[in-house]
Amino acid sequence: MTMEDKHIPQRTCIACREIKDKRLMIRLVQNSDGSVEPDTSAKRKGRGAYICPSKRCWDIALKKNHLDHALRTKINNANRSALFEYGSKFNEEK
Ligand SMILES: [Zn+2]
């Protein structure tokens, strides 16, 4: 990563804390009803959190409540299961 790449927005993964090009990461947003879901357009308003497209990072983010902290919310069990399911489609390694 050189200085010339600085114009590419970078985001930190809430699980592994690695900083990456945000286009390579999955953004999560909280809906007005409090539920959290992946923002596939990456353009929705509101507080967002980024996670690598890695099963391992999703496991960490969900099991250790990193996502709850990042979004300053309490994710309910059904929502957590849905996100876990979403994350399980990614590969184990980054
Ligand atoms: Zn990560």
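Is the stretch 39-61 home to any residue that is polar (S, T, N, Q) and open to solvent by 40 Å² or more (accessible area, probe 1.4 Å)? Show your work before the answer.
Let us first name the residues in the stretch 39-61 that are polar (S, T, N, Q), namely 40-41, 54.
Still in the list and also open to solvent by 40 Å² or more (accessible area, probe 1.4 Å): 40-41.
Yes.
Would you check if I8 is in contact with a helix residue (DSSP H, G or I) (Cβ under 7 Å, 6 or more places away or on another chain) and open to solvent by less than 60 Å² (accessible area, probe 1.4 Å)?
Details: in contact with a helix residue (DSSP H, G or I) (Cβ under 7 Å, 6 or more places away or on another chain): no; open to solvent by less than 60 Å² (accessible area, probe 1.4 Å): yes.
It is false that I8 is in contact with a helix residue (DSSP H, G or I) (Cβ under 7 Å, 6 or more places away or on another chain) and open to solvent by less than 60 Å² (accessible area, probe 1.4 Å).
Among the residues of the stretch 73-90, write down those that are within 16 Å of the ligand (Cβ to nearest atom) and aliphatic (A, V, I, L, M).
Let us first name the residues in the stretch 73-90 that are within 16 Å of the ligand (Cβ to nearest atom), namely 83-84, 86-90.
Of everything in the stretch 73-90, just one residue is within 16 Å of the ligand (Cβ to nearest atom) and aliphatic (A, V, I, L, M), namely L83.
Being open to solvent by 70 Å² or more (accessible area, probe 1.4 Å), part of a loop (DSSP other than H, G, I, E, B) and under 13 Å from G34 (Cβ atoms) is the filter here; which residues of the stretch 73-94 pass it? Steps first, please.
Step one: filter the stretch 73-94 for residues open to solvent by 70 Å² or more (accessible area, probe 1.4 Å), giving 74, 76-78, 81, 84-85, 89, 91-94.
Next, from what is left, pick out any that are part of a loop (DSSP other than H, G, I, E, B): 74, 76, 89, 91-94.
Listed by number, the residues that qualify are K74, N76.
The values are calculated or read from the model by the stated rules, or taken from the named source; none is laboratory data. Every value quoted in this text rests on a predicted model; they were computed, and no experiment measured them. Please note: Cβ atoms are built from the backbone with ideal geometry, for glycine as well, and neighbour counts cover all protein chains shown. Side chains are part of the model used for accessible areas, which takes the heavy atoms of the whole protein and leaves out ligands, DNA and RNA. Shrake-Rupley method; radii C 1.70, N 1.55, O 1.52, S 1.80 Å.
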